[in-house]
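**Q** Before we start, here is the structure in question, set down as structure tokens.
The values are calculated or read from the model by the stated rules, or taken from the named source; none is laboratory data. Predicted, not measured: the structure shown is a model, and the values here were computed from it. When we count neighbours, we look across all protein chains shown, and the Cβ atoms used for this are built from the backbone with ideal geometry, even at glycine. The accessibility values were calculated without ligands, DNA or RNA, using every heavy atom of the protein model including side chains. Shrake-Rupley method; radii C 1.70, N 1.55, O 1.52, S 1.80 Å.
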Amino acid sequence: MSGSSVLFDAPGPRARVRNHIATAVTVLVVILVLVFVGLELWAKEQLQWAKWEPFITPNVWENYILPGIEGTLKAAGLSIVLAGILGVALGVGRLSPHKWISSPCAVFVEFFRAVPVLIMMIFAYFFYSRYDVFASEYSTLAGVVTGLTLYNGAVIAEIVRAGVNALPRGQSEAASSLGMRWGQTMRSILLPQAITSMLPVLISQLVVVLKDTALGVAITYPELVSQGTNIGAAFTNLLPALVVIAVLMIIVNFALSSFATWLEARLRRSRRGTKPLDPETIEQEGAPGATVKVAEPGPG
């Protein structure tokens with residue numbers, strides 16, 4: 001069997017030389033750009049130690065960064081839970097054989113998928129503030145959670161619908177042949193299988209929810225990015241503040257992605273069936289739960 005790749009032809013000597021030259025030129029250009037940016041930042045006094053020193057003081061962490069992390073995680077956690085519940089309900093509703101259920105769910109999903117998240121946050125915030133639905137200190141949180149829940153709930157509904165439709169039709173046909181109703185089939189057979197196949201897409205959507213909490217800065221919600229701009233205004237170090245906030249957001253997103261990936265692997269392992277017994281074990285020990293029949297001795 002040939003050792004060359006089946007996806008593309010292996011490069012020859014000249015192609016390898018061209019690839020090495022292109023790689024070297026690209027690396028050199030990247031280094032030059034980084035050096036140029038570093039020199040410009042140094043000339044603008046953005047790399048001075050005084051700009052970065054506030055981030056090693058307890059005051060900045062206690063008054064700005066930790067409250068920002070708390071606000072981001074609080075809004076993201078509530079939105080993920082509520083959007084998951086709403087998305088599953090809407091996704092199952094769109095798959096309903098009854099038009100009076102599937103049609104309103106379809107209209108709801110298509111509408112809120114089309115409206116920008118920021119507009120929903122602003123409308124929700126001013127609605128809650130105008131009619132005193134929540135206390136004043138919770139109006140911004142409610143506005144952020146409402147916008148994220150409505151948009152991501154609609155997206156998760158489409159993910160659920162796509163995951164169920166991707167299953168083989170034999171699953172639902174077998175359930176129908178057993179006399180199971182549509183609700184029983186969806187709850188007991190289709191959704192449990194679809195959830196496993198949907199997990200990678202759902203994980204990426206969770207990261208989107210966490211990042212979109214930064215839109216709360218438009219309604220003065222104290223999340224991590226808005227706290228970073230407050231640090232920049234207080235210490236006149238906006239660029240270092242945004243760099244630190246970006247690093248923290250990367251760490252939080254990576255932690256969420258790692259947890260979701262671990263959960264996905266755990267769920268996939270838990271859904272695997274038990275390993276079948278080999279024929280030798282069955283012959284020696286008998287099948288589990290089976291009654292071993294002992295032959296009676298014959299006459300004589």
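**Q** From the list (i) 30, 22, 19; (ii) 43, 26, 14; (iii) 50, 34, 22, can you say which value of semi-axes √(5λ) of the Cα gyration tensor in Å was derived from the structure given?
**A** Step by step, semi-axes √(5λ) of the Cα gyration tensor in Å for this structure corresponds to label (iii).
**Q** In segment 92-188, which trypsin sites (Lys or Arg not before Pro) are in a loop and have at most 14 other Cβ atoms within 10 Å, using DSSP for the loop call?
**A** Those satisfying the criteria are Arg181.
**Q** While we're looking at this one, here's another question. Tell me what the chain gives for mean residue ellipticity at 222 nm when only DSSP H runs of n ≥ 4 count, each as -39,500 (n - 2.57), the sum divided by the residue total, rounded to 500 deg cm²/dmol.
**A** Using -39500 (n - 2.57) per qualifying helix, the result is -23500 deg cm²/dmol.
**Q** Measuring with a 1.4 Å probe in the full set of protein chains, what accessible area per residue, in whole Å², belongs to segment 86-220?
**A** With all protein chains present, segment 86-220 gives 52 Å² per residue.
**Q** May I ask you to give the percent of accessible area on the chain that is carbon plus sulfur, with a probe radius of 1.4 Å?
**A** Using a 1.4 Å probe with all protein chains present, the chain comes out at 66 percent carbon and sulfur.
**Q** Quick check: the distance between the Cα centres of segment 151-210 and segment 91-117, to the nearest angstrom?
**A** Cα centroid of segment 151-210 versus Cα centroid of segment 91-117: 15 Å apart.
**Q** Can you tell me which of 19-29, 214-224 comes out highest on packing, and rank the rest after it, using the mean Cβ neighbours within 10 Å?
**A** Going by the mean number of other Cβ atoms within 10 Å, highest first, we get 214-224, 19-29.
**Q** Suppose every K and R has +1 on its Cβ and every D and E has -1 on its Cβ; what is the size of the dipole of segment 121-231 about the Cα centre, in Debye to the nearest 20?
**A** 400
**Q** Ordering Leu66, Leu191 by how much accessible area each has at a 1.4 Å probe, largest first, what is the list?
**A** Result of the area sort, largest leading: Leu66, Leu191.
**Q** Still on this model: Quick one: length gained pulling Lys74 to Phe123 fully straight, 0.36 nm per residue minus the C-alpha distance? Walk me through the numbers before you get to the answer.
**A** Numbers: separation 49, 0.36 × 49 = 17.64 nm, distance 2.04 nm.
Gain in length upon complete extension: 15.6 nm.
**Q** Now a separate question. Based on the mean of other beta carbon atoms within 10 Å per residue, what is the order of 102-109, 132-139, most packed first?
**A** The densest-packed peptide leads the list: 102-109, 132-139.
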